[in-house]
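> Would you mind keeping the following structure in view while I ask a few things?
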Amino acid sequence: MKHPNITKELLEKLYSTDLLSGRNIAKQLNVNFKTVYRYLKFYKISIKYNRNMQGKNNPFFGKNHSRQVIKESRERNIGKMYYTETLTKDVLIDLYEKQEIKAENIAKQFNVDIKTIWRYLRKYNIHVKRTGNYFKGDKNPAWIDGRSYLPYSSEFSDILKLKIRTRDNFECQNCGITEEENLIIKGRNLDVHHIDYIKEHCDEHNLITLCRQCNIRANLDRDYWQQFYKDKIASIYINCK
Ligand SMILES: [Zn+2]
C-alpha cells in the first residue's frame, strides 16, 4: 500500500475509537477519503463491529449519549449526501403528487430543509399545491403530465426501493453497513430484499434493506431468515409509532 503512515493502529484509533468519519480522517491524513475506506477494508476493520464497539478501552465507554449523538449525526450527513442524487423529478412527483405527501414531510424524510423541497419543486416545474383549491386527479393538468410515465405503486420500482432504504436509514438491517460505506467498498447501493421471497409481494412490510452479502445469506436458510426479518420489520414499525 502507498501510505506507510496509515497504520492499522492509527485507523482503529481514529475510526473505531474516536468515531471520526472517513472524510474527517482523510482530511487529517491529507489523503482522499476513498483511500481511507480502502485501508479500512485492507486492515479488515469490521465497520459494524467497531461502530458498536464497547469496552473499557473505548474512551466513549459508558457515554452512550455521546455515541448516540455521533451515530445520529452520521446518519444525518448520509441523508444530506444523498438528497442531491435522490431528489429526482420522478421521486418528487411520486412522493408529492402521487402519494400526496406534504412537502414538510418529504423534507423530514430526506433530512433537508423544507426550502430545499420548494426549490426542487420549482426546478422540476412541479405544480405546487395550495391548500383548499388544489385540483385532484384528472382535473389537475399536472396529474396527466406528471404521472403518465410513472410505474404503478405495486411495481418494485426504484422509487419504492429508495423509500425502503430511506426508512431503514440507508443501513443494512442485518450487519449495519451504511449505503455510503457500501458504495465506497463494494461500488453499489444497498439491496432491498423480499422477506417472504415472493418478488410480486411489494408491501412495505415485506421489504427490508440489506447489503448484497446479507441478501445472499438470506437465501440459504429461508425459514430462519424469513422469521428473523419479520421480527425486524415489526420492531421498525413499532419504533415509528
Ligand atoms: Zn449486511
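> Which entries of Lys123/Lys161; Lys89/Lys115; Lys89/Lys129; Lys34/Lys89; Lys41/Lys186 have Cα-Cα distances beyond 20 Å here?
In this structure, Lys123/Lys161; Lys34/Lys89 exceed 20 Å between Cα atoms.
> Sort the following peptides by mean Cβ neighbour count (other Cβ atoms within 10 Å, averaged over residues), highest first: 197-203, 107-113. Kindly include the intermediate steps, with their values, before the conclusion.
On the way: 197-203: 11.7, 107-113: 16.3.
Per-residue mean Cβ counts within 10 Å order the peptides as 107-113, 197-203.
> Turning to a different aspect of this structure: For a protection proxy built on the mean count of beta-carbon atoms within 10 angstrom, sort 2-14, 166-178, 116-128 highest first, please.
166-178, 116-128, 2-14
> Follow-up question, since we're still on this one. Would you mind pulling out the separation of the Cα centroids of the stretch 204-241 and the stretch 14-35, in Å?
31 Å
> Which parts of the stretch 156-191 would a label at Phe42 reach, counting a residue when its backbone N lies under 15 Å from a point 7 Å out along Cα-to-Cβ?
In the stretch 156-191, the label zone of Phe42 (backbone N under 15 Å from the point 7 Å along Cα→Cβ) covers 185.
> Now a separate question. How far is it, in nm, from the label point at Glu204 to the one at Lys27 when both lie 7 Å from their Cα along the line to the Cβ?
Between Glu204 and Lys27, the label points sit 3.5 nm apart.
Values quoted throughout were computed directly from the atomic coordinates according to the rules given, and no laboratory measurement underlies them. Note that this is a predicted model, so its numbers are computed, not measured. Neighbour counts are summed over all protein chains in view; Cβ atoms, including those assigned to glycine, are modelled from backbone coordinates with ideal geometry.
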